[in-house]
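Contents: one structure, followed by commentary.
The values are calculated or read from the model by the stated rules, or taken from the named source; none is laboratory data. What you see is a predicted model; the values in this text were computed from it and never measured. In this analysis, Cβ positions are derived from the backbone assuming ideal geometry, glycine residues included, and neighbour counts consider all displayed protein chains.
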Amino acid sequence: MYKKIQIKKEEIDHLKNSDENMKKLIDKVGDIDRSYIPNHFLALVNSIVFQQLAYNAANAIWNRLISIYDKVTPENVLNTDNEILRECGLSRTKISYIKNISQAIIDDKINLEKINTLSNEEIINNLTEIKGIGIWTAEMFLIFSLNRKNVLSYKDLGIRKGIKWLYGMKKEPTEKQFSKIKEKFSPYNTLASFYLWEITLKNLHTYDDIDSIDNNVTYLKSPIGLIELQSNKGKIVRLDFVKKKRHKEKNDFILEKAKNQLVQYFEGLRRDFTLPLEIKGTNFQTKVWNELKNIPYGETYSYKDIAVNIENENACRAVGNANNKNKIPIIIPCHRVIGANGKLVGYGGELWRKEWLLNHENNKG
């Protein structure tokens with residue numbers, strides 16, 4: 001059913017030479033292993049099954065679907081009772097889409113035998129006339145059935161988010177920005193797509209940027225859940241609350257020191273942290289974060305208090321925004337900032353953790 005997509009050295013070299021950030025990404029990810037489905041009808045059905053679903057869920061449905069046939073053909077699909085297809089896990093909408101495609105092929109509205117003679121644009125225009133096939137589905141068909149080499153889908157959320165992370169954009173790329181990137185990677189945009197998808201698949205987006213992917217990482221089980229710590233060049237750069245380990249651990253002296261101090265803090269044996277920190281942000285954010293470190297253990301300040309202390313008393317809202325973007329919570333104690341009315345307001349690590357930390361400091365004080 002599947003055939004391995006062959007990737008030539010010239011494709012990789014082209015991407016590396018076209019963009020420094022892409023070069024770093026390729027060097028980090030390494031070789032790509034992807035497959036395509038030469039059977040065009042099967043590939044179209046596969047694209048429908050995988051629409052808007054997580055991979056594991058879609059793959060389970062797909063395996064159940066193909067198991068009910070000796071051979072998956074338009075005729076066999078049309079003759080299958082909808083309830084049998086529902087038992088595979090398909091929604092009624094997707095069943096109608098798959099049967100629409102099957103009928104279109106039987107009625108010769110799509111000639112799959114000659115489709116490879118058409119351009120990408122012609123194929124997209126042809127396929128999207130059928131209900132259930134949008135631009136994204138048609139583009140995935142170009143990649144994963146026709147094995148076309150120059151496809152980068154603006155409709156693909158994973159690709160847009162990958163570009164946003166890779167180039168440090170504040171927002172997802174506009175169509176104009178996307179077109180410039182696409183032009184840069186042409187004629188091997190499909191390979192660029194594979195590497196951009198790897199950003200999410202390998203959790204690279206949980207690092208600040210492409211230059212942070214070699215950070216050292218360790219984990220600590222705490223009373224408020226699993227904590228992930230990252231360091232770079234002897235400084236702590238991130239502290240995150242995570243549900244599970246996202247990266248392979250690579251410890252160092254400063255991470256071990258941070259873990260020990262956090263254990264002491266949670267045991268009520270430490271009030272202040274003596275750790276080198278790398279604080280990256282705007283001048284205003286840096287002022288706010290440095291001021292947060294001055295809030296005494298067991299006390300709380302309002303956003304107004306912080307604004308006054310940094311001599312910008314009308315910047316309460318901006319202080320709140322900076323507080324929420326603190327990348328090293330607990331060590332930089334943003335949990336000690338509350339609303340003017342005494343309410344806890346928000347906390348990036350979830351409000352219950354903020355409440356726990358404040359109660360912990362008051363009880364251990």
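Per the conditions (1) farther than 26 Å from Glu355 by Cα; (2) at pLDDT 95 or above, the sole criterion not satisfied by Lys233 is (2). Per the conditions (1) in a helix (DSSP H, G or I); (2) not assigned by TED's automatic domain parsing to the domain that holds Ser96; (3) not aliphatic (A, V, I, L, M), the sole criterion not satisfied by Asp33 is (1).
Could you tell me which residue of the stretch 334-365 is nearest to Leu269 (Cα to Cα), considering only residues that are at pLDDT 95 or above and touching a helix residue (DSSP H, G or I) at 6+ places or on another chain (Cβ under 6 Å)? Ranking the qualifying residues of the stretch 334-365, first place goes to Leu357. Only one entry in Asp211, Asp240 is closer than 29 Å to Glu350 by Cα, charged (D, E, K, R), over 14 Å from the mean Cα position of the chain (by Cα) and in a helix (DSSP H, G or I), namely Asp211.
Of all residues in the stretch 199-222, count the ones that are modelled with pLDDT of 95 or more and either on the phi > 0 side of the Ramachandran plot or surrounded by fewer than 18 Cβ atoms within 10 Å (Cβ to Cβ) (or both). Total satisfying the criteria: 3.
Across the stretch 118-146, the number of residues qualifying as among the hydroxyl-bearing types (Ser, Thr, Tyr) and part of a helix (DSSP H, G or I) comes to 1.
Among the residues examined, Leu275 does not qualify as outside the structural domain of Asn294 (by TED's automatic domain parsing), touching an Asp or Glu at 6+ places or on another chain (Cβ under 8 Å) and of a type in the set (A, V, I, L, M, F, W, C). So in the stretch 1-60, with the set limited to residues that are of a type in the set (S, T, N, Q) and in contact with a Ser or Thr (Cβ under 7 Å, 6 or more places away or on another chain), which one is surrounded by the fewest Cβ atoms within 10 Å (Cβ to Cβ)? Looking at residues that are of a type in the set (S, T, N, Q) and in contact with a Ser or Thr (Cβ under 7 Å, 6 or more places away or on another chain), I get Gln51.
In the set Ser186, Ser193, Ser179, which member is of a type in the set (Gly, Ala, Ser), surrounded by 19 or more Cβ atoms within 10 Å (Cβ to Cβ) and more than 30 Å from Tyr265 (Cβ to Cβ)? Matching residue, one of Ser186, Ser193, Ser179: Ser193.
Asn46 satisfies every condition listed in (1) touching a residue at least 60 places away in the same chain (Cβ under 8 Å); (2) assigned to a loop (DSSP other than H, G, I, E, B); (3) more than 24 Å from Trp165 (Cβ to Cβ) except (2).
In the set (1) under 23 Å from Leu220 (Cα atoms); (2) touching a helix residue (DSSP H, G or I) at 6+ places or on another chain (Cβ under 8 Å); (3) of a type in the set (A, V, I, L, M, F, W, C); (4) surrounded by 18 or more Cβ atoms within 10 Å (Cβ to Cβ), Phe241 fails one condition alone, (4). Just to verify a result, which residue in the stretch 139-176, among those that are touching a Phe, Trp or Tyr at 6+ places or on another chain (Cβ under 8 Å) and loosely packed, with under 15 Cβ neighbours inside 10 Å, is farthest from Asn126 (Cα to Cα)? This residue is Glu175.
Residue-level analysis places Lys71 among those that are of a type in the set (Lys, Arg), surrounded by fewer than 13 Cβ atoms within 10 Å (Cβ to Cβ) and over 28 Å from the mean Cα position of the chain (by Cα).
Among the residues of the stretch 320-350, which ones are under 21 Å from Arg238 (Cβ atoms) and not in a loop (DSSP other than H, G, I, E, B)? The answer is Gly320, Asn321, Ala322, Asn323, Asn324, Cys334, His335, Arg336, Val337. Filtering the stretch 147-177 to residues that are outside any helix (DSSP H, G or I), within 14 Å of Leu191 (Cα to Cα) and either among the acidic types (Asp, Glu) or in contact with a helix residue (DSSP H, G or I) (Cβ under 6 Å, 6 or more places away or on another chain) (or both) leaves Arg148, Lys149, Asn150, Val151, Leu152, Ser153. List pairs: first residue in the stretch 260-287 and aromatic (Phe, Trp, Tyr), second residue in a helix (DSSP H, G or I) anywhere in the structure, Cβ distance under 8 angstrom, at least six positions apart or on different chains. Close Cβ pairs (under 8 Å, with a partner that is in a helix (DSSP H, G or I)) amount to Phe266/His360; Phe273/Ala258; Phe273/Gln261; Phe273/Tyr265; Phe284/Ala318; Phe284/Ala322. Within the stretch 123-154, being of a type in the set (Phe, Trp, Tyr) and out of contact with any strand residue (DSSP E or B) (no Cβ under 7 Å at 6 or more places or on another chain) holds for Trp136, Phe141, Tyr154.
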